[in-house]
Amino acid sequence: MKLVIATRNPNKLEEIRAIFQINSLEIIDLRSYPELAPTEEDGATFEENAIKKAREAALATGEWVLADDSGLAVEALHGEPGVFSARYAGEPSDYRANNAKLLDALAGQTTRAAVFHCVIALSSPDGTARTVQGICRGTITNTPSGTRGFGYDPLFVPEGNTRTFAQLDAEHKNAISHRAVALRLAISEWATLLDNTGSL
Ligand code: ITT
């Protein structure tokens with residue numbers, strides 16, 4: 001059966017494709033549906049936004065859809081940027097500006113704990129959605145380091161590491177990231193459902 005990955009973020013798409021491997025699935029993405037309008041991400045939580053993205057795309061395409069809503073919650077900023085992670089420094093989304101704003105907001109702060117969150121939503125073609133979640137704990141550096149990955153990766157040192165996500169290779173990030181945790185749970189909870197759906 002087909003599964004549409006509903007993200008317009010090419011880095012996320014690459015990570016999801018690398019981790020979410022179920023042999024029976026033909027994975028396609030939104031490039032197959034250029035007419036589809038972006039979902040307005042106005043939910044108060046990662047879960048609301050993930051469900052909205054998955055459900056809207058499922059109803060529009062008539063296919064099973066997987067969507068990701070994710071972001072960074074910084075302890076000293078009371079959970080900011082949170083659901084506003086993509087547009088923390090305004091729209092359109094600009095990773096460099098977001099990172100600069102985050103470093104400014106944390107200037108002089110010694111408490112630098114942060115948590116990456118990821119909610120993965122799966123919607124059936126009729127819009128029925130279910131979710132799984134993953135987190136990755138870490139700290140925010142004082143200066144950006146590394147060129148790999150995307151978003152806040154140059155600032156985020158995952159727990160148990162001395163280098164940022166942007167300094168680690170893709171295999172290492174994909175073994176420990178919030179997205180990896182959520183997607184591995186998605187495989188364990190939904191593989192049978194997705195394998196059997198062709199005959200439902
Ligand atoms: P889609 O909605 O099209 O999937 P998006 O980038 O707008 O793409 P979100 O609304 O979920 O996705 O925002 C996620 C933001 O959180 C993303 O733009 C980054 O700024 C940040 N983020 C999420 N996961 C990340 C990761 O693994 N590494 C670095 N930053 C990440």
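The values are calculated or read from the model by the stated rules, or taken from the named source; none is laboratory data. Model, not experiment: these values are computed from the prediction. FYI the Cβ positions are ideal-geometry reconstructions off the backbone, even for glycines, and counts take in every protein chain you see. Only protein heavy atoms, including side chains, enter the accessible area calculation; ligands, DNA and RNA are left aside. Shrake-Rupley method; radii C 1.70, N 1.55, O 1.52, S 1.80 Å.
Rolling a 1.4 Å probe over the protein heavy atoms gives region 16-70 an accessible area of 51 Å² per residue. Once the C-beta distance of Asn11 and Thr45 is scaled by a Förster radius of 22 Å, the resulting FRET efficiency is 0.50 to the nearest 0.05.
Karplus-derived 3J(HN,Hα) values for region 56-62, using 6.51 cos²θ - 1.76 cosθ + 1.60 with θ = phi - 60°, are 4, 5, 5, 5, 6, 9, x Hz; glycine and proline are entered as x.
FRET efficiency for Asp126 and Ala170, Cβ-Cβ distance as r, R0 = 25 Å, nearest 0.05? Here the calculated transfer efficiency is 0.10. Using a cutoff of 8 angstrom between alpha carbon atoms and counting only pairs six or more residues apart, the relative contact order for region 140-184 works out to 30 percent. Pairs of Cα atoms nearer than 8 Å and 6+ residues apart set the relative contact order; for region 1-154 it is 23 percent.
Shape analysis of the chain yields a ratio of the Cα radius of gyration to the Kirkwood radius, Rg/Rh, of 0.98.
What percentages, rounded to whole numbers, describe P(r) for region 121-200 computed over all alpha carbon pairs with 5 Å bin width beginning at zero? Histogramming region 121-200 at 5 Å steps yields 3, 14, 21, 18, 12, 10, 10, 7, 4, 1, 0 percent. Note on region 73-115: the alpha carbon radius of gyration divided by the globular reference 2.2 N^0.38 Å gives 1.09. Net length available on complete extension from Asp94 to Arg148 is 17.9 nm, with 0.36 nm assigned per residue and the Cα-Cα distance removed. This model, with +1 at the C-beta of Lys and Arg and -1 at the C-beta of Asp and Glu, gives region 1-160 a dipole about its Cα centre of some 340 debye.
Out of every Cα-Cα pair in region 30-116, what percent are more than 18 Å apart? Every Cα pair in region 30-116 considered, those over 18 Å come to 52 percent.
Centre-to-centre separation between the Cα atoms of region 93-155 and those of region 14-42: 20 Å.
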